[in-house]
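None of the figures in this text is laboratory data; all of them are computed from the coordinates on show. Remember, predicted model here, so these are calculated numbers, not experimental data. Methodologically, a virtual Cβ is constructed for each residue, glycine included, from the backbone with ideal geometry; neighbour enumeration extends over all protein chains shown.
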Amino acid sequence: MNLKDIIHYFFLLLAALAAVGILMAKNVLHAALSLIICLLSIAGIFVLLHAELLAVTQIMVYAGGVVILMIFGVMLSSRVANKPLNVETARKIPGFITGAGLLFIIVYALTTTSFSLHPNSSTPASNNVREIGFQLMSSYVAPLEIAGILLLISLIGAAVTASFLIKK
Amino acid sequence: MTADDTFWVTRLALAAWMLPVVSCVALLFIPSGLKKRVPLVSSSLLFLAFISSAFVFVSVWNNPSVVITWNWFTFNGMENNGQLRIDNLSALMLVVVNFISLLVHLFSSAYLHNDAGLKRYYAILGFFTFAMLGIVLSDNLFVTFFFWELVGFSSYLLIGHWREKPEAGAAATKAFLFNRIGDAGFLIGIGLLWAQFNSLHFETIAKATAATDPALLTWISLLLFCGVMGKSAQFPLSTWLPDAMEGPTPVSALIHAATMVAAGVFLMARIYFLFTPTALVVVSTIGSITALWGAFGALKALDIKKILAYSTVSQLGFMILGMGSGSFSGSILHLFTHAFFKACLFLSAGTIIHYLHGVQHKTHTHFDVQDIRNMGGLRQHLPYTFFAFLIAGASLSGVPLLSGFVSKEAILTQLYYTTQNGNTLGWLFLCIAFIVSFLTVYYTFRMTYFIFFGHCRIADVIQEAKAERLPLILTLPVSILAACSVWLIVSWNPSDFSGWIYNGLGNPVPHHLIITVISSIWVVLAFIFAYFNLRNKPRWSPIRFFPDLDVFYTVTLLKPLLQLSRYTLSFDKKWIDGSIHFAAYAQVTIAKAVMLFDRVLIDGAVNGIARLAGGIGSITRSLANGKIQSYILWATASLVIFILWILLS
Amino acid sequence: MAIEHLLYLSAFLFSIGLVIIITKRNAIMMLLGIELMLNAANLNLVAFGYDGKIEGQVFALFVVIVAVCEAAVGMAIVLRVYHYYTTSVPDDISNLKEQR
């Protein structure tokens with residue numbers, strides 16, 4: 001077991017623990033922070049999987065954007081002054097049973113499936129980012145454009161939806 | 001008698017019959033503003049009726065009788081005819097009833113001039129006269145029964161005329177009930193007659209009696225005699241008549257002296273052919289008991305009207321006793337004379353009561369105006385009344401030269417002839433008749449003595465009142481009736497009863513001198529005895545003991561009957577009602593059980609199904625509770641379950 | 001480093017995300033759970049592109065974009081709902097239920 005594997009399993013364990021932390025958190029802010037930890041761990045795993053572009057995007061978009069957005073949302077939607085940010089839980093037993101059932105299904109599917117992998121068959125090139133850039137601008141240019149339009153639309157939509165704040 | 005005569009006689013008889021009821025109907029519609037004219041209207045109509053009946057009497061007397069027949073009703077294919085008969089008997093009664101009714105109408109106008117129910121009184125008086133004349137004219141037992149009941153009904157109304165007095169109501173009820181007892185037998189007798197002869201026409205029955213079993217005839221006649229006993233107050237149904245004196249005094253004069261109580265005697269004369277010798281013995285026995293009982297009652301009584309009532313009972317018994325002699329002529333003759341002198345006595349008593357009432361009213365004193373103990377020496381104050389009372393009383397006692405003597409002699413003679421025919425019981429009845437006439441003299445003398453002679457026990461009160469003279473309308477009827485009590489009305493010869501009336505009735509017997517002599521001496525003896533008895537020992541009542549039948553009936557009949565009815569009532573309540581209640585409760589219990597069954601099982605099943613469906617529905621509805629996370633939960637859970645099911649199967 | 005472990009992690013995260021979505025009575029927590037599930041999917045995509053294929057990474061990139069859109073719009077909706085109902089607890093908002 002080399003260092004890479006140790007780091008890999010460290011991130012893996014950290015992500016799992018962070019996910020459990022989200023589940024256990026009583027406070028929304030703590031949950032959001034646990035989510036950041038989880039996402040950063042996954043970003044670390046992405047780096048180890050030679051998906052650097054994706055890892056950077058993950059860090060930037062999630063940790064720097066989405067989670068901050070959510071923290072702001074928490075601030076706005078909770079009356080911090082007279083009410084703690086506690087999160088109550090409901091439907092615990094059916095929820096856990098359902099989750100356990102889903103986990104069982106997926107794990108069952110994974111264990112009964114044999115993946116014909118090629119371990120260490122090819123070492124990804126270091127110009128992975130470049131390769132992706134080419135692919136995006138050539139093979140996937142239409143989805144990229146559409147994604148851009150989607151972003152624009154969602155931006156406008158979110159702004160319009162939340163525009164009451166501006167009116168205030 | 002020509003056909004034209006018959007026509008007029010029929011019309012006049014109907015007029016004499018119907019005019020009283022016309023008066024009754026007219027009074028119903030007379031406006032109350034004309035209340036003062038009521039006696040005038042009524043008396044005028046009665047006067048017309050009297051004139052008509054007088055014409056009828058004159059044309060019918062000793063002529064062949066007139067029978068009016070009409071088809072009354074057809075029942076079951078059989079024609080039932082009603083018959084009226086106008087012969088000597090009915091013509092005589094027609095006159096008597098109308099005459100006395102007229103006089104009573106006149107008398108009442110003064111006697112009751114302040115009465116609130118004057119209109120009602122006169123209406124019922126007219127109605128009574130009509131009903132009584134119905135009995136008189138009837139030639140059919142069913143028609144007779146019809147009017148018999150109407151007479152009883154109007155008597156009930158008139159006795160209870162002063163309905164605010166509880167005694168009057170009780171007396172009216174008593175009279176009505178006693179008549180019912182007699183009429184029950186009467187009705188059974190009529191039914192038997194109908195079953196036997198298929199007709200109730202007197203003449204038809206009379207023709208058929210010869211071929212009939214005498215025992216049956218005896219029973220029938222005795223049953224019919226029951227009705228006579230009720231109406232004529234014969235023992236043991238005699239106690240209602242003294243109580244009936246609660247009614248107004250003119251009513252007592254008309255109904256309870258002259259007419260209604262005589263209806264029984266009259267009916268006996270009509271159905272005399274039915275009575276077998278056996279039945280006649282029973283009739284005589286009842287008559288003699290009644291005559292003695294009434295005479296003793298008159299000796300005991302202290303109320304002037306009660307004395308007269310008991311006297312009436314006694315005289316009626318005397319008539320019935322005479323009926324047993326084999327001829328009804330003497331009894332009818334006595335009925336005729338009795339009607340006048342007893343009505344005269346009653347109206348005199350009414351005058352006295354009226355006078356004393358006036359005295360009482362002026363001086364505001366209180367004493368019983370009918371009690372002879374409060375009277376005495378009234379001859380100075382009421383001279384006309386005194387003379388009328390004296391004549392009528394003497395007639396009642398059987399003093400010679402007066403009508404009572406003549407008619408009494410007729411009965412005695414008939415009874416004497418019965419003994420001559422070898423009837424040993426006849427001697428007993430003859431003795432009783434003489435005893436009764438002796439007692440009659442005694443109580444009449446006692447009554448007259450206490451009322452009019454001696455010193456006046458309320459002289460100071462009368463002095464204080466300074467009562468004015470009595471109105472003519474009171475004294476006139478009394479005087480007329482007193483005048484009718486002399487012998488001339490019956491026969492020219494004062495010692496011979498077989499005058500013009502007696503010979504016109506039934507089967508008369510010849511006059512017998514011995515009876516006349518004995519009777520006269522007997523009366524004189526009785527007067528002497530009474531005079532000395534009362535003069536030496538003036539007691540209020542010469543006898544101490546008198547069989548009070550009312551007490552006897554109360555003890556022997558009324559109380560056991562009430563006890564029995566109490567028992568039956570409790571039986572009814574306990575067992576009959578109890579069983580009904582038990583059945584009802586059982587039904588309710590069963591119904592409740594069924595209801596419980598229904599509710600628990602039938603409804604329970606239905607409701608259970610409904611509740612099951614509802615429960616399932618509410619469970620499924622609870623899934624759709626509007627919460628997004630629940631939807632997510634159930635969607636994913638069902639997906640998981642679905643996949644697991646695929647995987648594991 | 002075995003690819004299966006990544007797949008197990010992915011399955012675990014996905015399940016945890018689902019449980020969060022179901023049990024937490026807070027709209028923002030639900031959004032967090034959605035993000036977690038999307039990342040679990042991303043993890044799967046990247047893990048299968050481990051042997052040099054870059055299609056998985058491209059696809060994951062698009063997923064990130066969509067997730068960003070979803071987060072922005074979702075956040076706006078949450079704020080809007082909070083403003084309208086003055087609560088951010090989804091259980092208290094039951095307009096979908098039949099009104100009785």
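Data for the structure
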read-out	value
Hz values of 3J(HN,Hα) by residue in region B:374-388 - Karplus curve (6.51, -1.76, 1.60), Gly and Pro given as x	8, 9, x, x, 6, 5, 6, 7, 10, x, 4, 4, 4, 5, 4
Low-density loop positions, chymotrypsin sites (Phe, Trp or Tyr not before Pro), region B:29-133 - DSSP coil, at most 16 other Cβ in 10 Å	B:Trp61
Nearest 10 degrees, 0 to 90: helix B:214-231 Cα axis against chain B principal axis	90 degrees
0 to 90° range, to nearest 10: angle between helix B:513-536 axis and chain B longest Cα axis	80 degrees
Range of Cα positions in region A:129-168 per principal axis (Å), largest first	48, 18, 7
Reciprocal mean inverse distance between Cα atoms of region B:322-373 - Kirkwood radius, Å	13.5 Å
Residue order, fewest to most surrounding Cβ atoms within 10 angstrom, among B:Trp492, B:Trp293	B:Trp492, B:Trp293
Rounded Å value of the spacing that divides the Cα centres of region B:433-460 and region B:23-56	37 Å
Enclosed volume per residue, in Å³, of the convex hull spanned by Cα atoms of chain C	102 Å³
More than 34 Å apart - percent of Cα-Cα pairs taken over chain B	50 percent
Trypsin sites (Lys or Arg not before Pro), loop per DSSP, at most 14 other Cβ atoms within 10 Å - longest free stretch of chain B	B:164-465
Ellipsoid semi-axes in whole angstrom, largest first, where each is sqrt(5λ) of the Cα gyration tensor of region B:64-193	30, 20, 12
Alpha-carbon gyration tensor eigenvalues x 5, square-rooted, for region A:1-105, Å	28, 21, 11
Rounded tilt (10° steps) of B:424-452 against the dominant C-alpha axis of chain B	90 degrees
As computed over region B:573-615, the Cα convex hull volume per residue (Å³)	43 Å³
Rg/Rg_ref, the protein assembly as shown, where Rg_ref = 2.2 N^0.38 Å and atoms are Cα	2.22
Relative packing of B:134-142, B:165-173, B:330-338, which averages over residues the other C-beta atoms within 10 Å, highest first	B:330-338, B:134-142, B:165-173
Globularity ratio of region B:211-297, using Cα Rg and 2.2 N^0.38 Å	1.19
Inter-centroid distance (Cα atoms) of region C:33-68 relative to region B:616-630, Å	35 Å
Size-normalised alpha-carbon gyration radius of region B:479-531, reference 2.2 N^0.38 Å	1.37
Within chain B, helix-based [θ] at 222 nm, where runs of 4 or more DSSP H residues each add -39,500 (n - 2.57), nearest 500	-23500 deg cm²/dmol
